[in-house]
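First up is the structure itself, then whatever we jot down about it.
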Amino acid sequence: MVDESEKFRWLVRLGFAARGLVYTLIGYLFLTGGSQAATDGPSSAFAWIQEVKGGTLILFLCAFGLFGYALYRLASPALDIENYGSNKTGIGHRIGHGASGLAHLALAYTAFQFANGEKQSASGRSSAQEAAGTLLSVDFGPFLLGLVGLGFFIGAAAQAKKAVTGSFLRRVSGRAPTFVKPLGHAGYAARAIVFLVIGWSIVKTGYFSDGSQVKSIGAAVSSMQGEGPFFTIVSLGLLLFGVFSLFLARYRIVPDLQKN
């Protein structure tokens, strides 16, 4: 009989696969359709899946997997399942994982909406812009937005560090194919750039009190179009990060909950 920890590991692996599918499609849509095809980021990917045969089932699996991935990330600040510890560095990692967990909960809900047949318009304000506008309407809103932007800067630095050092391999099985390493380097480098652009857009929003400046993942990449080959390189990097995540679904070392 499969124990609870084994069920958790399978759910987390499905989550990595769902994340991989989303990033792969975002990169693919940018590379094949230009900025407009993927401006909404994950929503653009879900809309694409919605139109293919069996798309509803795939979207439900994505929602389920992303929910599992969110629980996995939220278990880091709550239970320290990755054994980061309680020093400053460890707490920083765990807070970052908690933020990632909340973001993937929202992403899981979006996938569930698409699975239920709800199409989200690509026009108008994005959910990120709406959230920023709401926050700006309350006391200390700009200050809090500035903190969120700072969080993205820190996240960008963390992604860049992984891209340079290859530290992500510490939690990847030694049985993984050798080409997984360069996939990770390219993917984390692309994510660092995107996080930096998003962070800067949020900081500017806090300073100028204009929620329309906040960028989603898709909008952040779209803003790079016209910058020579940079747009293509980042789009390709996101696609490679998606492929990397698909391999993580098989080779990521997932902690045993029963040992924590």
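The values are calculated or read from the model by the stated rules, or taken from the named source; none is laboratory data. This one's a predicted model, so the numbers in the text were calculated from it and none came from an experiment. Reconstructed Cβ throughout: ideal geometry from the backbone, glycine too, with neighbour counts over all protein chains shown. What goes into the accessible areas is simple: the full protein's heavy atoms, side chains included, and nothing from ligands, DNA or RNA. Shrake-Rupley method; radii C 1.70, N 1.55, O 1.52, S 1.80 Å.
A cut-off of 5 Å between modelled amide H atoms, ignoring neighbours fewer than 5 places along the same chain, links VAL172 with ILE253.
Compute the accessible area per residue over region 17-97, keeping the other protein chains in place, probe 1.4 Å, unit Å².
Values: 3630 Å² over 81 residues.
Heavy-atom SASA per residue in region 17-97 reads 45 Å².
Each label was represented as a point 7 Å from its Cα along the Cα-to-Cβ direction; for PHE179 and GLN113 these points are 3.7 nm apart.
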